[in-house]
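Let me begin by presenting the structure, written as structure tokens, before commenting on it.
The values are calculated or read from the model by the stated rules, or taken from the named source; none is laboratory data. Everything quoted here is computed from the prediction, not taken from an experiment. Every residue, glycine as well, gets a Cβ built from its backbone with ideal geometry; the counts of neighbours run over all protein chains shown. Heavy atoms of the whole protein, side chains included, go into the accessibility calculation; ligands, DNA and RNA do not. Shrake-Rupley method; radii C 1.70, N 1.55, O 1.52, S 1.80 Å.
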Amino acid sequence: MHGPALSGWLLVALCAAGGAYCLLRMRACAGEERRSARAEAVMGFGMAAMALPAAVLDQPPWSWAVYAALFGAVAVRDLLAAGRDAHRLHHAVGSLAMVYMAFAMAPAAGGAAGVHAAHGAGAATAGGIPLLTGGLLLYYAVDVLRSGARLVPVVPQPRAAGPAAAGGAGGTGWVRWAARPELTLVCRLSMGLAMLAMLCTL
């Protein structure tokens, strides 16, 4: 494992970890926050699947149509929910970016498909639209900087004394851990960085 293969595995690990954390977060919240966590979990696992190195999984050409359909449906749901939660607009942008990457990588899918080919042979193998790719790169660069800046003033809050503060036994401790706001920011920051890395392959 070296060079592009190593970077591909790191991207897979980052996205999968973000998706797994969002699944935990779903247990710690309700309502729009729960739906937001579910959308971010789908995004994380979808990005991890797209970034798998071709040496591990040579995805069939039709897989990119499946990605486009899946994230197109997610984008529609996010747009419909944007009236209740403005953050869902950001999710919609991410889902539409995934649709765009699926279509942009599809022409390169004759052999080592999609992001795999781009990781192995450089950006020349992908077929993105420079202006649109540049706009998405700018959007996610700003998003990453904004998420990072929001992490700076976050300080640990004093915890209440007593057994309840320990998180209890079993799954309760995991639920409380997953609800920490700074971890949510870190998750969104890592997902933004992963999106930037994937867009750079176009």
J(HN,Hα) series, the stretch 76-84, from Karplus relation 6.51 cos²θ - 1.76 cosθ + 1.60, nearest Hz, glycine and proline x:
4, 4, 5, 5, 5, 8, 4, x, 8
If packing is taken as the average number of other Cβ atoms within 10 Å across a peptide's residues, how do 56-67, 12-23 rank, most packed first?
12-23, 56-67
Using a probe radius of 1.4 Å on heavy atoms only, what accessible surface per residue do you get for the stretch 12-93? Whole Å² is fine.
46 Å²
Have a look at Val74, Met47, Trp62 and report the one farthest towards the positive end of the charge dipole of the stretch 1-80, computed about the Cα centre with Cβ charges (Lys/Arg +1, Asp/Glu -1).
Val74
